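Trainee: Structure incoming, see below.
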Amino acid sequence: MLLPQRIFVTIQSIRSRNYQQQLLKEWGVYQSTVEVAAQYGRTILDGPFRGMKYPIRSLLNRHGIPILFGTYELELHPIIEEVTSRRYNRIIDIGCAEGYYAVGLARKTDATIYAFDCEPRERYYCRRMARENGVADRVHVGDWCSTRTLRSLAIERCLVIADCEGYEVQLFSDDVVAALKSCDLIIELHEVPGMDVRAVLLERFLSTHDARLITFEPDSIGSVPDRWRRFAREIRPPGQQWAFLTPHI
């Protein structure tokens with residue numbers, strides 16, 4: 001018997017996180033993160049979320065060096081500054097992981113945050129970080145964001161952030177896109193076998209949104225001490241992109 005999609009995705013998410021942690025230890029990233037945290041503390045030093053505090057267990061369970069030095073997803077920093085200057089009643093973060101954007105945006109805006117992740121440990125870390133940063137009353141954490149859930153939450157003008165490992169193709173169906181016609185979106189684009197995800201999603205949003213594509217540039221490493229520069233950026237496929245979508249004026 002096939003597993004229900006939610007259970008299957010949850011199991012896959014746990015396995016993926018376990019594998020990532022194993023690789024980080026093998027590559028020396030874990031030990032280097034321990035050393036950086038010991039020297040600089042566990043508060044983000046630069047970037048749009050400067051001053052945000054990280055639970056140490058959460059920091060050590062991922063590539064924490066770009067987070068601490070403020071070089072994580074560096075290409076999106078101008079977009080984050082742009083969206084935080086706008087007024088949203090709600091921000092929906094799908095694939096929130098430990099809460100980098102969910103908690104970071106709660107600190108920089110007055111919006112209510114709805115954060116979703118299938119991995120149970122990540123939901124724990126997200127709640128923990130929200131408490132440590134004094135925004136737990138505005139960060140609501142859930143496990144699964146279905147198309148129905150997204151349509152129900154995307155009321156009026158809100159911000160949607162999605163990093164959901166290819167699920168974006170299913171999530172942003174035609175009826176969901178219609179419901180998001182007044183929303184801004186930041187979608188991380190992933191590879192799906194046999195499909196051009198970028199072309200498919202941009203076509204769906206063509207009649208309602210303007211699209212700006214942002215490409216990962218691994219050589220952009222910001223102001224990171226020489227000792228840590230080889231770990232200054234997150235590990236991701238070359239040329240990976242995000243789509244920043246804003247409603248037609």
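The values are calculated or read from the model by the stated rules, or taken from the named source; none is laboratory data. Everything quoted here is computed from the prediction, not taken from an experiment. Positions of Cβ are generated from backbone atoms using ideal geometry, with glycine treated the same way; all protein chains shown enter the neighbour counts.
Conditions (1) free of Cβ contacts under 8 Å to residues at least 40 places away in the same chain; (2) among the basic types (Lys, Arg); (3) surrounded by fewer than 23 Cβ atoms within 10 Å (Cβ to Cβ), marked per residue:
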{"site": "Pro78", "(1), (2), (3)": "yes, no, yes"}
{"site": "Tyr88", "(1), (2), (3)": "no, no, yes"}
{"site": "Glu98", "(1), (2), (3)": "no, no, no"}
{"site": "Ala102", "(1), (2), (3)": "yes, no, no"}
{"site": "Thr109", "(1), (2), (3)": "yes, no, yes"}
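Trainee: Cβ-Cβ distance below 7 Å, separation of 6 or more or different chains: which pairs start in segment 23-47 with a residue that is of a type in the set (A, V, I, L, M, F, W, C) and end on one that is part of a loop (DSSP other than H, G, I, E, B) and loosely packed, with under 14 Cβ neighbours inside 10 Å?
Mentor: From segment 23-47, the pairs are Ile44/Arg50; Ile44/Gly51.
Trainee: Residue under question is Asp143, and the condition is that it be farther than 22 Å from Tyr72 by Cβ and within 15 Å of the chain's Cα centre (by Cα); does it hold?
Mentor: yes
Trainee: I'm checking my understanding of the structure. Among residues of segment 233-243 that are hydrophobic (A, V, I, L, M, F, W, C) and surrounded by 20 or more Cβ atoms within 10 Å (Cβ to Cβ), which one is nearest to the chain's Cα centre (by Cα)?
Mentor: Looking at residues that are hydrophobic (A, V, I, L, M, F, W, C) and surrounded by 20 or more Cβ atoms within 10 Å (Cβ to Cβ), I get Trp242.
Trainee: Still on this structure, I have one more. Is it fair to say Asp175 is without any contact (Cβ under 8 Å) to a residue 40 or more places away in the chain, farther than 30 Å from Lys25 by Cα, in contact with a helix residue (DSSP H, G or I) (Cβ under 9 Å, 6 or more places away or on another chain) and not hydrophobic (A, V, I, L, M, F, W, C)?
Mentor: It is true that Asp175 is without any contact (Cβ under 8 Å) to a residue 40 or more places away in the chain, farther than 30 Å from Lys25 by Cα, in contact with a helix residue (DSSP H, G or I) (Cβ under 9 Å, 6 or more places away or on another chain) and not hydrophobic (A, V, I, L, M, F, W, C).
Trainee: Give, as residue ranges, the helices (runs of 4 or more DSSP H) completely inside segment 48-122 that count at least 3 residues that are more than 17 Å from Val141 (Cα to Cα) and not polar (S, T, N, Q).
Mentor: By residue number, 56-60, 64-69, 77-84.
Trainee: Keeping to segment 129-163, report how many residues are closer than 23 Å to Gln12 by Cα, in contact (Cβ under 8 Å) with a residue 40 or more places away in the chain and surrounded by 16 or more Cβ atoms within 10 Å (Cβ to Cβ).
Mentor: Summing the residues that are closer than 23 Å to Gln12 by Cα, in contact (Cβ under 8 Å) with a residue 40 or more places away in the chain and surrounded by 16 or more Cβ atoms within 10 Å (Cβ to Cβ) in segment 129-163 gives 6.
Trainee: Condition first: of a type outside the set (Val, Ile, Thr), assigned to a loop (DSSP other than H, G, I, E, B) and modelled with pLDDT under 95. Can you find one or more residues in segment 128-143 that meet it?
Mentor: Yes.
Trainee: Another question about this same structure. Tell me, yes or no, whether segment 167-183 has at least one residue that is farther than 25 Å from Arg62 by Cβ, loosely packed, with under 14 Cβ neighbours inside 10 Å, modelled with pLDDT of 90 or more and among the hydroxyl-bearing types (Ser, Thr, Tyr).
Mentor: Among the residues of segment 167-183, at least one is farther than 25 Å from Arg62 by Cβ, loosely packed, with under 14 Cβ neighbours inside 10 Å, modelled with pLDDT of 90 or more and among the hydroxyl-bearing types (Ser, Thr, Tyr), which makes the answer yes.
Trainee: Give all pairs with beta carbons closer than 9 Å in which a residue from segment 238-249 that is touching a residue at least 60 places away in the same chain (Cβ under 8 Å) meets a residue that is assigned to a loop (DSSP other than H, G, I, E, B) and small (Gly, Ala, Ser); count only pairs at least 6 apart in sequence or on separate chains.
Mentor: These pairs meet every condition: Pro247/Ser182.
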